[in-house]
Amino acid sequence: MKIVVLDGYTENPGDLSWNGLEQLGELTVYDRTPKELIIERIGEAEAVIVNKVPLTREILQSCPSIRYIGVLATGYNVVDTEAAGERGIPVCNIPSYGTAAVAQFAIAMLLEICHHVAYHSETVHQGRWSSSPDWCFWDYPLIELQGKTMGIIGFGRIGQATARIARALGMKILAFDEMENESGRELGEYVSFDELLARADVISLHCPLLPSTEGIINRKSIAGMKDGVIILNNARGPLIVEQDLADALNAGKVSAAGLDVLSEEPVRPDNPLLSAKNCLITPHISWASKESRQRLMDIAVDNLRKFMEGNCQNRVN
C-alpha cells in the first residue's frame, strides 16, 4: 500500500518515529503541503494521512487511487466526509488520545493566571528582586483556589479529568452537560447553564463545537457571571464571541482569561483578544505533549492496520 502523510510536522517534529506506518506500506511523509501541491503529492497513494490539509470533493475526484483517509486529530472537518463516503472511502479520526494533556493544560493556564509564575520569574532575572527594598514583591494579586468554585461546561472525558485536578486543589465543581452520568455526579454537581454562570468563580469550556454551543460565551452570558470571573477555553475557539470577551476583560467584568484556541488559527493580528487586558493566549498546544502525540501516532497506525485487515475502526463517515 502506498501511504502519504501530507502534513506530519505538527504531530512529529522529529521526536517520534513513523516506523509503525512504514511497516504497513510504502510511506512518504511531508512536513507541510500547500494547497496547490495536494493533488500532486497524493499521486497514486491509497492511504492519505492529514492533520489540517483540506481534502475537498474536488481533490477526492482528482485522486481516484485513494482508498483510506486518516486524520491525525479528533476533529475531521478538514475532510469532505460526505464526498469520501460517496466514493466508499472511510475517514478515520483519533478519539480520546489527549484527555490527560488537555485537562492538565487547562489547569496550567489557571495556575498561571492565579500566580503569574513566568512573569515574576522574568522580573527576578531582570534584577527587580535584587534591587527591591522589601524581601519580596508581587505585581499582580495572587489567587488561592482552595474553596473556590469551578464551573465546567461540557462534562465528558476531558471535563471530568479537569474536575479531578481542580478537586485536588480544593475547588468545588459545578457542571453543565446535556448528558449527565454517574461518574460526573461523583465529581461535582450538575446544574443549569444559568446557575453555573451565576455561581462559578472559574468557568472552563470543554464542550464540542455544535450549532447549540457556538458563541455560548457572549455578552449576554457574561452578564450573568460573577464579577471578576476567570474564563478558560482549550476546547474550540468559536465557543466564545471574542469581541464580547475582550470588552468584558477590558471592563473588568472578567478578571482574566486563558485561551489555547481562537476562532481563527493562527491568530489574526487584528483579533481583539490580543490587546485585551489579562488575556493569556497560547498557540493551540494543549494536545501536544510528547506522550499525547505518541498515543495519537499509535492509534493512527492501528486505524490503518485495522482497515487493511477489513475491520475499520474510528470511522466517522
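Structure values in brief
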item	result
Charge-dipole axis of the stretch 99-281 as Lys and Arg at +1 and Asp and Glu at -1 on Cβ define it, positive-most pick from Ile152, Pro141, Ile216	Pro141
At R0 = 30 Å, FRET efficiency that the Cβ-Cβ distance of Cys312 and Ser17 yields, to 0.05	0.80
Bridge type composition, the stretch 99-281 - antiparallel percent by DSSP, nearest 5	0
Kirkwood Rh and Cα Rg combined as Rg over Rh, evaluated for the stretch 221-307	1.15
Charge dipole (the chain, unit charges on Cβ, about Cα centre) - positive-most of Val301, Ala106, Ala166	Ala166
Computed label-point distance, nm, for sites Arg199 and Asp139 using a 7 Å Cα→Cβ extension	3.8
Taking Trp287, Trp138, Trp129, Trp18 and counting other C-beta atoms within 10 Å, the order from fewest to most	Trp138, Trp129, Trp18, Trp287
Kirkwood hydrodynamic radius of the stretch 157-234, Cα pairs, Å	13.1
Inter-label distance for Glu189 and Ser65, nm, one decimal - labels placed 7 Å from Cα along Cα-to-Cβ	6.1
FRET E, pair Glu214, Arg164, Förster distance 22 Å, beta-carbon r, rounded to 0.05	0.20
Hypothetical label at Arg32: residues of the stretch 1-25 whose amide nitrogen lies under 12 Å (7 Å Cα-Cβ projection)	7-10
Cβ charges +1 (Lys, Arg) and -1 (Asp, Glu), total dipole of the chain, debye	280
Nearest-0.05 FRET efficiency for Thr282 and Gln243, computed from C-beta distance (R0 25 Å)	0.80
The chain: most fluctuating residue of Glu186, Glu44, Glu291 per GNM, C-alpha cutoff 10 Å	Glu186
The stretch 176-199 versus the stretch 235-288: alpha-carbon centroid distance in Å	24
Fraction in percent of alpha-carbon pairs per bin - 5 Å, the stretch 185-224	5, 19, 29, 28, 14, 5, 0
Kirkwood Rh and Cα Rg combined as Rg over Rh, evaluated for the chain	1.03
Extension gain, Glu178 back to Thr74 (0.36 nm per residue minus Cα-Cα distance, nm)	35.4 nm
Inverse of mean 1/r across different Cα pairs in the stretch 99-281, Kirkwood, Å	16.9
The stretch 1-45, Rg to Rh (Cα coordinates; Rh as Kirkwood inverse mean 1/r)	0.97
DSSP beta bridges in the chain [antiparallel fraction, %, rounded to 5]	5
Residues Phe193, Phe176 arranged by fewest to most Cβ contacts within 10 Å	Phe193, Phe176
Anchor Lys226: lysines whose Cα lies under 30 Å away (excluding residues fewer than 8 positions away in-chain)	Lys148, Lys172, Lys253, Lys277
Computed helical MRE - 222 nm, the chain, DSSP H runs ≥ 4 contributing -39500 (n - 2.57), nearest 500	-9500 deg cm²/dmol
Whole-Å distance, taken between Cα centres, linking the stretch 111-155 and the stretch 1-64	44
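Bear in mind that the values in this text are calculations on the coordinates, not laboratory data. Treat the numbers as computed from the prediction; the structure is a model and nothing was measured. So basically every Cβ, Gly included, is an ideal-geometry build from the backbone, and we count neighbours across all protein chains shown.
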